[in-house]
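Encoded as structure tokens, the structure appears first; notes follow it.
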Amino acid sequence: MSQRKKVAVIMGSDSDLPVVEKAIKQLKELDIPVEAHVMSAHRTPAQASTFAGSAKENGFGVIIAAAGKAAHLAGVLAAHTTLPVIGIPIKSSTLDGLDALLATVQMPGGIPVATVAIDGAQNAALLAAQILAVSDDQLADRLAAMKQNMTEGVLQKDAALQAKVAEL
């Protein structure tokens, strides 16, 4: 039996943690092993390169990279691994995160980075989970149950709305 794959959550600064913790919590709720680290594409490029280059051998299946402003972290990590990399653009500058979004999503051919919304940490975690679930049926079942719970929640809200509308 193969060991479950971990997800790496790499943030460019510890100031990204208030956003990134949503991804960490979501991964833990889905019982996915997760490690979080601070690495900078600009201040610690050798460490980022080394981490990404050995991530697969160290048991990771997906890397999530969160960065603001120039937001080169996801691209640097993707350049050094064949693992899927998911970028979270962080709203951290006067451009409301648009700079980070464009830096994360506009990768050159051959270096793909999946990109979620600005500050979209929960969706980054869910995308990582869906990637891992391709080869993990138990995780796929947990994701299906989560989606069923979301469906039931919306149906309950609709029923409550219908009752209120009928009283008008």
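The values are calculated or read from the model by the stated rules, or taken from the named source; none is laboratory data. Owing to the predicted nature of the structure, the values given are computational and were not obtained by experimental measurement. Here Cβ is always computed from backbone atoms with ideal geometry, including for glycine, and neighbour counts include all displayed protein chains. The protein model used for the area step is the full one, side chains on, heavy atoms only, and it has no ligands, DNA or RNA in it. Shrake-Rupley method; radii C 1.70, N 1.55, O 1.52, S 1.80 Å.
With respect to the conditions (1) charged (D, E, K, R); (2) in contact with a Lys or Arg (Cβ under 8 Å, 6 or more places away or on another chain); (3) farther than 17 Å from Ile10 by Cβ, Asp119 falls short on a single one, namely (3).
Restricting the search to segment 117-146, which residues are loosely packed, with under 11 Cβ neighbours inside 10 Å and under 18 Å from the mean Cα position of the chain (by Cα)? Matches in segment 117-146: Val134 only.
Kindly indicate the residue of segment 150-168 that is open to solvent by 100 Å² or more (accessible area, probe 1.4 Å) and assigned to a helix (DSSP H, G or I) and also farthest from Asp31 (Cα to Cα) among those meeting that condition.
Looking only at segment 150-168, we keep the residues that are open to solvent by 100 Å² or more (accessible area, probe 1.4 Å), and these are 150, 155-157, 164, 167-168.
Within this subset, residues satisfying the condition of being assigned to a helix (DSSP H, G or I) are 150, 155-157, 164, 167.
Numbers: Met150: 18, Leu155: 26, Gln156: 27, Lys157: 28, Lys164: 38, Glu167: 43 Å.
So the residue we want is Glu167.
Somewhere in segment 104-111, is a residue among the small types (Gly, Ala, Ser), more than 25 Å from Glu35 (Cβ to Cβ) and either surrounded by fewer than 21 Cβ atoms within 10 Å (Cβ to Cβ) or touching a helix residue (DSSP H, G or I) at 6+ places or on another chain (Cβ under 8 Å) (or both)? Lay out the reasoning, then the answer.
Taking segment 104-111 first, the residues among the small types (Gly, Ala, Ser) are 109-110.
Within this subset, residues satisfying the condition of being more than 25 Å from Glu35 (Cβ to Cβ) are 109-110.
Next cut, either surrounded by fewer than 21 Cβ atoms within 10 Å (Cβ to Cβ) or touching a helix residue (DSSP H, G or I) at 6+ places or on another chain (Cβ under 8 Å) (or both) only: 109-110.
So far as segment 104-111 goes, yes, one or more of its residues are among the small types (Gly, Ala, Ser), more than 25 Å from Glu35 (Cβ to Cβ) and either surrounded by fewer than 21 Cβ atoms within 10 Å (Cβ to Cβ) or touching a helix residue (DSSP H, G or I) at 6+ places or on another chain (Cβ under 8 Å) (or both).
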